[in-house]
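The values are calculated or read from the model by the stated rules, or taken from the named source; none is laboratory data. It should be emphasised that the depicted structure is a prediction, and the values quoted were computed from it without experimental measurement. Positions of Cβ are backbone-derived with ideal geometry, glycine not excepted, and every protein chain shown enters the neighbour counts. Remember, those area values only see protein heavy atoms, side chains included, never the ligands or the DNA or RNA. Shrake-Rupley method; radii C 1.70, N 1.55, O 1.52, S 1.80 Å.
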Amino acid sequence: MIIMKFGGTSVGSPQRIKSVIELINDEKPKIVVLSAMSGTTNALVKISELIYNKNQNQAEESIAELEAKYGQVINELYTSEEYRLKAKKSIGEHFDNLRQLNTEAFTGIEERIVLAQGELMSTAMTQLYAEEIGLCSTLLPALNFMRTDRNAEPDNYYIREQLRRELEKHPDCRLFITQGYICRNAFGEVDNLKRGGSDYSASLIGQACDAREIQIWTDIDGFHNNDPRVVENTQSIAALSFDEAAELAYFGAKILHPASVWPAQEAQIPVRLKNTMQPEAEGTLISAQVEDKGIKAIAAKDNITAIKIKSGRMLMAYGFLRKVFEIFESYCTPIDMITTSEIAVSLTIDDTSRLDKILYELRHYGTVETDKDMTIICLVGNNIMHHKDSIAKIFAALADVPIRMVSYGGSRHNISILTDMEHKSQALRQLSKYLF
Ligand code: ADP
Ligand code: ASP
Ligand code: MG
């Protein structure tokens, strides 16, 4: 079994859906994981905000606008009137559901139902198109097997068992199509794996069915050595280790959902990144294979908050850091970077939803300062510290960039640098210039 995940752009138009069908039409057993058509999830976020703010007229307008777009896609995608009618009926039901939501009591549950419609529609349309051209395929409802537990972590045992049951219902089928991103939570409610979560779905499904390979098909020819949205002339990387890819994804490389590498790594399933628009391009293979090539890639994670706790009580004392970390633990807030001196510790967080409470408690231990709107620039490559000239180049490249923190030696394959978001583009460009 292989898993093939196609992102929003890859199913973003009738032509693209047809290209996906060409790529998956080869008799080999596979589960195809689809995102919503590009732009749909953003439109659904906007619609749910309008409903939440009781802006009923505008919400209805936005729903009608999105429905008209889908009408056009249906007209172009299918050749027969029979299938156009089938698709209009099926997609129409999703829009009816949106219109019939209880707008008076619109809470998180209703919002998540709205957000789920994108993947439900893209898979319904693709399955119907496969049927129209006589391709034998089965639509697997992700809501029947993809589930998170009380900590909002994937419930691996449940996913494996339920997916097996779903697959066993169709012993003769080789091609399954399912939704990325959506799941049920521990209470059985419709939920999702956070924005960009279809990659994570693909990886979890791959792990659950012991897939031979997980393929992530997107709009670029694999993992690039820097953020192509910011830096010109970035290069695709042929191979990355699981650790390198996980670190880059976690630290902001948008091509992969931050958590999507770990399930594949745990199950030792290679992940191949491919370009739907250019299927012949080699792309990137992420596997357990480790190369020693110095710095391979750079990524950046925005909206980071740095916190500095300064205290004379830290001097030659033990137990101080434990107390500090316990505060973050009690507010379920992960720490990304840490640096310490004898009388101060600086650390960074990404999730600021409990920041006020954390700061209140930290003040019992010393003076506390925060810097918002920071960015972590993460440089990744196996055995990075053995490439001494790279370190010299990093600091030469960042000569004009104010550096707030540096983390070196935490792992063999990562150096992280904290600067403000204003200097991010300059830093990324300079680093590419000096290092690649
Ligand atoms: P999909 O909709 O297929 O999931 P995404 O937009 O989520 O696609 O991810 C692909 C995009 O990620 C690329 O178009 C590119 O702009 C961006 N990106 C950011 N960093 C990188 C990187 N290091 N390598 C490749 N693409 C990257
Ligand atoms: N459709 C979802 C999003 O836009 C999930 C995904 O594309 O991976 O975030
Ligand atoms: Mg994505």
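Ile304 meets each of the listed conditions (1) at pLDDT 95 or above; (2) more than 24 Å from the chain's Cα centre (by Cα) apart from (2). What about Asp199, is it farther than 21 Å from Pro154 by Cα and either within 16 Å of ligand 2 (Cβ to nearest atom) or touching a Lys or Arg at 6+ places or on another chain (Cβ under 9 Å) (or both)? No. Here is the figure for the range 29-42: residues that are under 14 Å from Gln215 (Cα atoms) and of a type outside the set (A, V, I, L, M) total 3. Can you name the residue in the range 2-15 that is of a type outside the set (Gly, Ala, Ser) and either more than 19 Å from Tyr83 (Cα to Cα) or more than 14 Å from ligand 1 (Cβ to nearest atom) (or both) and is also most open to solvent (accessible area, probe 1.4 Å) among such residues? Among residues in the range 2-15 that are of a type outside the set (Gly, Ala, Ser) and either more than 19 Å from Tyr83 (Cα to Cα) or more than 14 Å from ligand 1 (Cβ to nearest atom) (or both), the one most open to solvent (accessible area, probe 1.4 Å) is Gln15.
Which residues, taken from the range 200-244, are assigned to a strand (DSSP E or B) and either hydroxyl-bearing (Ser, Thr, Tyr) or touching a helix residue (DSSP H, G or I) at 6+ places or on another chain (Cβ under 9 Å) (or both)? Before you say what the answer is, go through the steps one by one.
Narrowing the range 200-244 to residues assigned to a strand (DSSP E or B): 213-218, 224, 236, 239-241.
Listed by number, the residues that qualify are Glu213, Ile214, Gln215, Ile216, Trp217, Thr218, Ser236, Leu240, Ser241.
Kindly indicate the residue of the range 176-196 that is out of contact with any strand residue (DSSP E or B) (no Cβ under 6 Å at 6 or more places or on another chain) and part of a strand (DSSP E or B) and also farthest from ligand 2 (Cβ to nearest atom) among those meeting that condition. Ranking the qualifying residues of the range 176-196, first place goes to Val190. Among all positions in the range 372-394, there is at least one residue which is over 17 Å from Lys301 (Cβ atoms), exposed (fewer than 15 other Cβ atoms within 10 Å of the Cβ) and among the small types (Gly, Ala, Ser).
Of the residues making up the range 132-154, those that are closer than 17 Å to Glu76 by Cβ and either open to solvent by less than 20 Å² (accessible area, probe 1.4 Å) or assigned to a helix (DSSP H, G or I) (or both) number 1. For the range 266-295, give me the residue count where each residue is part of a strand (DSSP E or B), surrounded by 22 or more Cβ atoms within 10 Å (Cβ to Cβ) and over 18 Å from the mean Cα position of the chain (by Cα). Residues that pass the stated criteria total 0. Pairing residues of the range 254-265 that are more than 15 Å from Thr148 (Cβ to Cβ) and part of a helix (DSSP H, G or I) with residues that are open to solvent by 40 Å² or more (accessible area, probe 1.4 Å) and away from ligand 2 (no atom under 12 Å from the Cβ), at Cβ distances under 8 Å and at least 6 apart in sequence or on separate chains, gives Gln265/Asp243; Gln265/Ala288.
Going by the conditions given, is Leu167 away from ligand 3 (no atom under 16 Å from the Cβ), at pLDDT 95 or above and surrounded by 17 or more Cβ atoms within 10 Å (Cβ to Cβ)? In short, yes.
Screening Thr41 with (1) away from ligand 2 (no atom under 16 Å from the Cβ); (2) under 25 Å from Asn192 (Cα atoms); (3) among the polar types (S, T, N, Q) gives one miss only, at (1). The set of residues from the range 16-44 being open to solvent by 10 Å² or more (accessible area, probe 1.4 Å), in contact (Cβ under 8 Å) with a residue 12 or more places away in the chain and either more than 15 Å from ligand 1 (Cβ to nearest atom) or over 25 Å from Phe145 (Cα atoms) (or both) comprises Arg16, Lys18, Ser19, Leu23, Asn25, Glu27, Lys28, Pro29, Gly39, Ala43.
Just the residues that are hydrophobic (A, V, I, L, M, F, W, C), within 16 Å of ligand 3 (Cβ to nearest atom) and open to solvent by 10 Å² or more (accessible area, probe 1.4 Å), please, taken from the range 191-242. Break it down into steps so the answer makes sense when it comes.
Of all residues in the range 191-242, those hydrophobic (A, V, I, L, M, F, W, C) come to 193, 202, 204-205, 208-209, 211, 214, 216-217, 220, 223, 230-231, 237-240, 242.
Pick out the ones that are also within 16 Å of ligand 3 (Cβ to nearest atom) and you get 193, 202, 204-205, 214, 216-217, 220, 223.
Listed by number, the residues that qualify are Leu193, Trp217, Ile220.
Tell me, which residue of the range 106-131 that is open to solvent by 50 Å² or more (accessible area, probe 1.4 Å) and farther than 29 Å from Pro171 by Cβ is farthest from the chain's Cα centre (by Cα)? Filtering first and then ranking leaves Thr107. Within the range 243-265, if we keep just the residues that are within 12 Å of ligand 1 (Cβ to nearest atom) and open to solvent by less than 10 Å² (accessible area, probe 1.4 Å), the residue that is nearest to Asn192 (Cα to Cα) turns out to be Ser260.
Within the group Lys433, Lys393, which residue is under 28 Å from the mean Cα position of the chain (by Cα) and of a type in the set (Lys, Arg)? When all the criteria are applied, what remains is Lys433.
Looking at the structure I just gave you, is Asn414 out of contact with any Lys or Arg (no Cβ under 6 Å at 6 or more places or on another chain) and open to solvent by less than 30 Å² (accessible area, probe 1.4 Å)? Let's see the steps before the verdict.
Numbers: out of contact with any Lys or Arg (no Cβ under 6 Å at 6 or more places or on another chain): yes; open to solvent by less than 30 Å² (accessible area, probe 1.4 Å): yes.
When the stated conditions are applied, Asn414 passes them.
The helices (runs of 4 or more DSSP H) found entirely in the range 1-95 that carry 2 or more residues being within 16 Å of ligand 3 (Cβ to nearest atom) are 14-24, 40-52.
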